[in-house]
Every structure is written in C-alpha cells, then in structure tokens.
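Student: Below are the structure tokens for one structure; questions will follow.
The values are calculated or read from the model by the stated rules, or taken from the named source; none is laboratory data. All figures in this text were calculated on a predicted structure; none of them were measured in a lab. Cβ placement follows ideal geometry from the backbone for every residue including glycine, while neighbour counts extend to all protein chains displayed.
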Amino acid sequence: MNGRASTVREAVAAQVLGEVDDLVLRLENVARTIQGQESSHEASAAALLDAADKFKGAVTQFSEAATTQVREAVERHAHEVVTQTRAEAAAAMQEAARQAWRTSTMDEADRLAQRLRGLALQFKPLPYWQRLTESALGGFAGASLVVMLLFFAGKL
C-alpha cells in the first residue's frame, strides 16, 4: 500500500500543483490584463483630456466669432440709427427754420399791414373840385415859369 499511497499522494499532489500552476497562470494573465486595461484607461483619459482641450478651443473660437459678429451687427445698426436720426434731426431743423421764417414774415407783414391801415385812415381823398383846382394851379405855375425863363433868355 505504500506504493499506492505514494502514488495517490503524488497524483493528488500533482493535481494540486497543476491546479496551483493553472491558478498562477491565471493570476499572471489577470495581472497582464489589468496592466493592459490600465494602459488603455490612461490612453483613454489622455484622449479625453485632449478632446476636452480641443472642445474648449472650439467653444472659445465660436464664442469669439459670435461676439465679433454681434459687435459688427450692433455697430452697423447703431450707424444706421445715427444716420437716420441725423437725417430726421436735419429735416426737423429745416422745418422749424421754415416755420420760424413763415412766422416772422407773417408777423412783419401783419405789422406792415396795420401800419398801412393806420396811414390809410389818415389819408382822406380830396374832393373832385379841390384836385382840379390844384392841378390847374400847378399847370399855371409851370407855364408861368417857362414864360419867365424864355423872357429872361431873350427868346420872347
């Protein structure tokens, strides 16, 4: 039985050693797999960090481009509003100047009309006979003067 016992022991020991050897190989494989996973995770983390940096750069560029476009749009709109406001202000000032001119002209015309009415009230037409008499006296005085001049000139 001695021979058999050692054979059974050896067989059990061989089987245990074989199983331990399989376990050791499995552990070594697990260790390699874990190292590979670790490397893969590190590479993934590095790729994610790189992608995050690129995304941040893209967002920054987009933000700057959007800011520039908004600024240009606001400046264009402001220029249009200022131009339109200037034109409206110029038109309003011209209209105000026209109105002031009309008002001052009308005021001056009213003053002149009132003065002429006052003068017209003072003017009283002469009767017909008085105008005829004045005209006759003026004609007689003019003719007398011509006769005197011709007399003194020796032509009469």
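Student: So which residues in segment 1-16 are polar (S, T, N, Q) and modelled with pLDDT of 85 or more?
Tutor: The one that is polar (S, T, N, Q) and modelled with pLDDT of 85 or more: Gln15.
Student: Okay, next question. Which ones in segment 46-71 are more than 33 Å from the chain's Cα centre (by Cα) and aliphatic (A, V, I, L, M)?
Tutor: If the condition is that a residue be more than 33 Å from the chain's Cα centre (by Cα) and aliphatic (A, V, I, L, M), then Ala46, Ala47, Leu48, Leu49, Ala51, Ala52 are the ones that fit.
Student: Continuing with the same structure: Could you pull out the residue among Ala43, Ala97, Ala89 that is within 21 Å of the chain's Cα centre (by Cα) and aliphatic (A, V, I, L, M)?
Tutor: Ala89
Student: While we're looking at this one, here's another question. Taking interchain pairs and intrachain pairs at least six residues apart, which have beta carbon atoms under 9 angstrom, with the first residue in segment 122-143 and part of a helix (DSSP H, G or I) and the second surrounded by fewer than 10 Cβ atoms within 10 Å (Cβ to Cβ) and modelled with pLDDT under 95?
Tutor: Going by the 9 Å Cβ cut-off, the qualifying pairs are Arg131/Pro125.
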